[in-house]
Amino acid sequence: MLSLLKKIFGISIGQTQQEQRQHPLRLERIIIPSAIWHQLISMLEPYGQQRYEGAALLYGFISKSNEGIVTTAVCPKQYNTSRTYEIPFESMSSVAESVIIPYRALLLAQVHLHPGDFTDLSPKDMKKALNRSIPGGIQIIMPHYGNIQPEQNFVVHENCGNGAWRKWAASERDSRILIMPYAVDLRSFERVV
Ligand SMILES: [Zn+2]
């Protein structure tokens with residue numbers, strides 16, 4: 001059980017660094033393929049339309065230069081109201097079975113919707129953060145329940161350790177969260193002569 005919990009919270013144990021990189025104290029950048037980013041937003045959309053605080057998780061791997069590479073967006077089974085959300089333990093077991101255990105993926109960011117333009121982490125948010133004990137862990141908040149341009153209109157908080165979180169300025173967000181094209185098609189179909 002301890003092992004499962006540690007896997008859920010993004011800590012690898014019993015594995016060498018060659019097998020899996022542990023979460024570093026600071027993720028230099030997080031690279032999110034655009035298709036995954038848009039899938040995340042569309043999975044959160046039904047919550048936003050009902051004006052509920054929906055939540056989703058971004059999983060992936062960490063490069064040697066401490067960049068988080070997102071491979072999978074997960075929307076766990078959850079309970080939602082207009083002011084809060086709850087991801088029960090059983091839901092996290094399903095997440096573990098889907099992405100953590102088979103692929104050894106790490107939690108790179110937790111995302112949730114907020115009412116209005118409130119983008120701070122509430123004390124409840126800090127308690128519920130799956131990466132609350134992981135310095136360098138990332139929480140993303142989409143204000144207005146994600147209903148106003150969620151692609152650009154989101155705020156990032158970084159776990160500084162000892163229960164403290166730091167809110168990024170927009171410029172830091174833009175330089176450290178990169179939405180990368182998931183496919184680039186440069187074919188021209190010209191005849192080779
Ligand atoms: Zn919140």
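The values are calculated or read from the model by the stated rules, or taken from the named source; none is laboratory data. Just so it is clear, the structure is predicted and the values come from calculations on it, not from any experiment. Backbone-built Cβ (ideal geometry, glycine too); neighbour counts: all protein chains shown.
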**Message:** Looking at the stretch 72-95 only, could you name the residues that are buried (at least 16 other Cβ atoms within 10 Å of the Cβ) and among the β-branched types (Val, Ile, Thr)?
**Reply:** THR72, VAL74, ILE87, VAL95
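Take THR84 and decide whether it is hydroxyl-bearing (Ser, Thr, Tyr) and touching a Gly at 6+ places or on another chain (Cβ under 8 Å). First the steps, then the outcome.
On the way: hydroxyl-bearing (Ser, Thr, Tyr): yes; touching a Gly at 6+ places or on another chain (Cβ under 8 Å): no.
Judged against the criteria, THR84 is not a match.
Filter the stretch 153-193 down to residues that are small (Gly, Ala, Ser) and part of a helix (DSSP H, G or I) and give me whichever is nearest to SER34 (Cα to Cα).
Step one: filter the stretch 153-193 for residues small (Gly, Ala, Ser), giving 161, 163-164, 169-171, 175, 183, 188.
From the residues that got through so far, the ones that are part of a helix (DSSP H, G or I) too are 170-171, 175.
Values: ALA170: 19, SER171: 19, SER175: 16 Å.
That would be SER175.
What are the residues in the stretch 114-130 that are part of a loop (DSSP other than H, G, I, E, B) and out of contact with any strand residue (DSSP E or B) (no Cβ under 6 Å at 6 or more places or on another chain), if any? Outline the logic, then answer.
To start, the set of residues in the stretch 114-130 that are part of a loop (DSSP other than H, G, I, E, B) comprises 114-122, 129-130.
Residues satisfying the conditions are PRO115, GLY116, ASP117, PHE118, ASP120, SER122.
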**Prompt:** Of the residues that sit in the stretch 56-69 and are of a type in the set (Gly, Ala, Ser) and part of a loop (DSSP other than H, G, I, E, B), which one is farthest from the ligand (Cβ to nearest atom)?
**Reply:** SER65
**Message:** Between THR84, THR72, which is among the β-branched types (Val, Ile, Thr), within 15 Å of GLN110 (Cβ to Cβ) and within 14 Å of the ligand (Cβ to nearest atom)?
**Reply:** THR84
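Mind telling me which of the residues GLU53, GLU90 ends up being assigned to a helix (DSSP H, G or I) and of a type in the set (Asp, Glu)?
Values: GLU53 fails: assigned to a helix (DSSP H, G or I).
Every option except GLU90 fails the conditions.
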**Prompt:** When SER98 is evaluated against the numbered criteria (1) within 12 Å of the ligand (Cβ to nearest atom); (2) within 17 Å of LEU40 (Cβ to Cβ); (3) part of a helix (DSSP H, G or I), which criterion, by number, is the only one it fails?
**Reply:** (1)
**Asked** Restricting the search to the stretch 152-169, which residues are within 15 Å of ALA109 (Cβ to Cβ) and not basic (Lys, Arg)?
**Response** PHE154, VAL155, VAL156, HIS157, GLU158, ASN159, TRP165, TRP168
**Item:** VAL111 being in a strand (DSSP E or B), within 11 Å of the ligand (Cβ to nearest atom) and either touching a Phe, Trp or Tyr at 6+ places or on another chain (Cβ under 6 Å) or not polar (S, T, N, Q) (or both)
**Value:** yes
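Pick out the one residue from PRO150, PRO135 that is at pLDDT below 95 and either surrounded by 19 or more Cβ atoms within 10 Å (Cβ to Cβ) or in a strand (DSSP E or B) (or both).
Going through PRO150, PRO135 in turn, just one is at pLDDT below 95 and either surrounded by 19 or more Cβ atoms within 10 Å (Cβ to Cβ) or in a strand (DSSP E or B) (or both): PRO150.
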**Asked** Restricting attention to the stretch 21-65, which residues are touching a residue at least 40 places away in the same chain (Cβ under 8 Å), of a type in the set (S, T, N, Q) and either touching a Leu at 6+ places or on another chain (Cβ under 6 Å) or under 22 Å from ALA96 (Cα atoms) (or both)?
**Response** GLN22, SER63
**Request:** List every residue pair whose Cβ atoms sit under 7 Å apart, with the two residues 6 or more apart in sequence or on different chains, where the first one lies in the stretch 114-125 and is within 11 Å of TYR145 (Cα to Cα) and more than 7 Å from the ligand (Cβ to nearest atom) and the second, anywhere, is among the acidic types (Asp, Glu) and not in a helix (DSSP H, G or I).
**Result:** none
**Message:** Which residue is farthest from TYR47 (Cα to Cα), if the candidates are limited to the stretch 131-157 and must be of a type in the set (A, V, I, L, M, F, W, C) and either within 13 Å of the ligand (Cβ to nearest atom) or without any contact (Cβ under 8 Å) to a residue 60 or more places away in the chain (or both)?
**Reply:** VAL156
